[in-house]
Amino acid sequence: MTPIRVGLLGLGTVGSGTVQVLKRNREEIARRAGREILITKATARNLAKPRDFDLDGIELVADAEQLVSDPNIDIVCELIGGDTTTKDLVLSAIAQGKHVVTANKALLAKHGTEIFAAALKARVIVAFEAAVAGGVPIIKTLREGLTANRIEWIAGIINGTSNYILSEMRSRGASFDTVLAEAQAKGYAEADPTFDIEGIDAAHKLTLLSAIAFGIPVQFDKAYTEGISKLTDKDIKYAEQLGYRIKLLGITRNTGHGIELRVHPTLIPAKRLIANVEGVMNAILVKGDAVGATLYYGRGAGSEATASAVVADLVDVTRMLTADPEHRVPHLAFQPDQLRDTPILPINEVETAYYLRLSAYDKPGVMADVTRVLADLDISIDAILQKEAEEGEDIVDVIILTHRAIEKRVDAAIARIEKLPTIAGKVVRVRLEELS
Ligand code: NDP
Ligand code: HSE
């Protein structure tokens with residue numbers, strides 16, 4: 001059989017990994033795919049840049065659009081990133097009847113509806129395993145392995161950079177900026193690292209997971225996003241003392257009256273497996289009604305780990321080339337005409353538990369004031385911890401863990417607590433999930 005010819009857009013972290021994995025495992029991959037998969041052409045922004053990997057047999061072309069339009073290319077593999085140039089390139093490839101493999105979650109989370117509709121019309125595949133959780137095959141798992149289940153919720157560590165930062169800060173007391181620079185040097189971070197730190201990248205990925213899990217359109221604009229940049233060492237330490245770890249979690253849940261879609265730092269019990277996922281590793285807990293809770297773990301970023309998912313998609317597309325489009329696995333797991341418009345809940349309608357840190361004057365009556373506010377708003381307390389005042393200080397930290405409550409009631413309680421004369425300054429709030 002003639003080889004499948006791939007045109008590669010991008011020769012950076014993931015592009016270089018893809019070239020290397022395909023070359024190194026060429027024979028095994030051909031045995032699995034049924035024919036050879038060759039990158040015949042590639043492009044990058046600066047072709048004069050020295051590359052420390054073997055590009056033999058790959059013709060470098062300056063014009064990405066020309067590569068996409070080349071009739072000798074069967075699959076376009078988009079590993080550039082961003083959602084402007086790439087949107088045009090991907091739509092152009094689709095319009096010309098080319099299958100597309102991409103790792104670009106930003107593109108699909110924002111323009112997935114348009115791109116998947118165009119692909120359906122052109123009867124081509126857009127494969128995107130590498131877009132979520134790097135090398136962990138979570139898209140295939142949700143679309144195929146768990147297809148018997150009604151998915152109840154997903155909670156995942158789906159940004160390697162922020163998990164690396166939190167782990168290194170906690171384990172070796174390194175500073176935020178030092179560890180971020182390390183993550184960038186290792187190729188984990190996005191071109192704009194605020195996407196990692198502020199939870200935007202995780203929200204892109206969660207949007208895709210949620211669409212596949214619940215059969216809804218991709219709706220990144222409705223995701224609630226809060227990152228790790230405002231987390232303090234103090235809260236990481238207090239969480240530990242209470243038996244919790246703080247992780248940046250992406251959580252999506254079908255509540256029956258709407259879907260939660262939220263990314264934020266979250267306290268989780270330290271004894272849970274997922275609380276012990278460190279460094280660049282990702283882990284995704286999926287709760288299905290039939291299978292129960294399942295956990296998927298692996299490298300969430302990096303050159304060859306992500307290439308593993310890209311190449312798996314290239315093999316999948318190659319295997320499916322001869323299948324009727326009607327018999328392919330749908331892009332978002334559900335048949336395109338079966339997507340539902342279940343509403344995404346705003347964050348103030350979400351129900352979860354909370355860690356609240358208050359700075360209180362060390363006087364009698366403080367606890368009574370605070371607990372009265374919580375009781376008035378029907379927020380039940382799980383635990384209270386008052387820290388010793390520092391030498392010469394008259395302000396103490398009080399930590400309250402609540403049971404589950406609707407966020408808008410907690411917002412109202414925080415506003416009232418901050419007005420109490422016994423409380424100094426703002427209340428720190430971190431959401432808490434038992435994940436049991
Ligand atoms: P890099 O920045 O390392 O690589 C981007 C590549 O695209 C570079 O080779 C660059 O060229 C090229 N490029 C940039 N602009 C253009 C353009 N206009 N035309 C042609 N080529 C262009 O990014 P990554 O490899 O890290 O990421 C690629 C994609 O994979 C992104 O969507 C990212 O979100 C996703 N991803 C990344 C992971 C990771 O661990 N890094 C993991 C999972 C997904 P040049 O080399 O000349 O600068
Ligand atoms: N910047 C992303 C991360 C790359 O750190 O998880 C993988 O998608």
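Checked against the criterion of being free of Cβ contacts under 8 Å to residues at least 40 places away in the same chain and open to solvent by less than 70 Å² (accessible area, probe 1.4 Å), the candidates ALA323, ALA312 yield just one match: ALA323.
Taken together, the criteria exclude ALA133 from residues that are over 16 Å from LYS247 (Cβ atoms), crowded, with 23+ Cβ neighbours inside 10 Å, modelled with pLDDT of 95 or more and within 14 Å of ligand 1 (Cβ to nearest atom). In the condition set (1) in a loop (DSSP other than H, G, I, E, B); (2) within 13 Å of ligand 1 (Cβ to nearest atom); (3) open to solvent by 20 Å² or more (accessible area, probe 1.4 Å), ASN72 is compliant with all but (2).
Exactly one residue out of THR402, THR422 is under 29 Å from the mean Cα position of the chain (by Cα) and among the hydroxyl-bearing types (Ser, Thr, Tyr): that is THR402. Can you name the residue in segment 167-184 that is part of a helix (DSSP H, G or I), open to solvent by 10 Å² or more (accessible area, probe 1.4 Å) and aliphatic (A, V, I, L, M) and, of all such residues, is farthest from ligand 1 (Cβ to nearest atom)? Out of the qualifying residues, it is MET169. Among the numbered conditions (1) open to solvent by less than 80 Å² (accessible area, probe 1.4 Å); (2) within 26 Å of PRO325 (Cα to Cα), the only one that THR2 does not meet is (1). Taking the listed residues ALA109, ALA48, the one that is of a type in the set (A, V, I, L, M, F, W, C) and not in a loop (DSSP other than H, G, I, E, B) is ALA109, with no other qualifying.
Taking into account only those residues within segment 222-234 that are at pLDDT 95 or above and out of contact with any helix residue (DSSP H, G or I) (no Cβ under 8 Å at 6 or more places or on another chain), which is least open to solvent (accessible area, probe 1.4 Å)? Only one residue fits best here, namely GLU226. Against the test of being under 17 Å from the mean Cα position of the chain (by Cα) and either more than 25 Å from GLY81 (Cβ to Cβ) or assigned to a strand (DSSP E or B) (or both), the options LYS234, LYS247, LYS205 yield a single qualifying residue, LYS247.
May I ask you to say which residue of LYS110, LYS87, LYS121 is within 16 Å of ligand 2 (Cβ to nearest atom) and not hydroxyl-bearing (Ser, Thr, Tyr)?
Working: LYS87 fails: within 16 Å of ligand 2 (Cβ to nearest atom); LYS121 fails: within 16 Å of ligand 2 (Cβ to nearest atom).
Step by step, each of LYS110, LYS87, LYS121 is checked, and only LYS110 is within 16 Å of ligand 2 (Cβ to nearest atom) and not hydroxyl-bearing (Ser, Thr, Tyr).
Checking the stated criteria, GLY82 turns out not to satisfy the condition of being at positive phi, surrounded by fewer than 15 Cβ atoms within 10 Å (Cβ to Cβ) and more than 16 Å from ligand 2 (Cβ to nearest atom).
Condition first: modelled with pLDDT of 95 or more, away from ligand 2 (no atom under 16 Å from the Cβ), part of a helix (DSSP H, G or I) and not charged (D, E, K, R). Can you find one or more residues in segment 96-104 that meet it?
Applying the first criterion (modelled with pLDDT of 95 or more) to segment 96-104 yields 96-104.
Now drop any that are not away from ligand 2 (no atom under 16 Å from the Cβ), which leaves 96-100.
Within this subset, residues satisfying the condition of being part of a helix (DSSP H, G or I) are none.
For segment 96-104, residues modelled with pLDDT of 95 or more, away from ligand 2 (no atom under 16 Å from the Cβ), part of a helix (DSSP H, G or I) and not charged (D, E, K, R): absent.
I need the full set of residues from segment 270-290 which are more than 16 Å from ligand 1 (Cβ to nearest atom) and either in a helix (DSSP H, G or I) or open to solvent by 10 Å² or more (accessible area, probe 1.4 Å) (or both), in order please. Within segment 270-290, ALA270, LYS271, ARG272, LEU273, ILE274, ALA275, ASN276, GLU278, LEU285, LYS287, ASP289, ALA290 qualify. Only residues that are under 22 Å from the mean Cα position of the chain (by Cα) and more than 15 Å from ligand 1 (Cβ to nearest atom) were counted in segment 293-328, giving 5. Candidates are the residues of segment 136-160 that are assigned to a helix (DSSP H, G or I) and within 16 Å of ligand 1 (Cβ to nearest atom); the one that is surrounded by the fewest Cβ atoms within 10 Å (Cβ to Cβ) is LYS140.
Of all the residues in segment 192-222, those that are among the small types (Gly, Ala, Ser) and either away from ligand 2 (no atom under 16 Å from the Cβ) or farther than 22 Å from ILE165 by Cβ (or both) number 4.
The values are calculated or read from the model by the stated rules, or taken from the named source; none is laboratory data. Since the structure is predicted, the reported quantities are computational estimates derived from the model, not experimental observations. Glycine also receives a Cβ, built like all others from the backbone with ideal geometry; neighbour counts cover every protein chain displayed. In case anyone asks, the SASA skips ligands and DNA or RNA and just uses the protein heavy atoms, side chains included. Shrake-Rupley method; radii C 1.70, N 1.55, O 1.52, S 1.80 Å.
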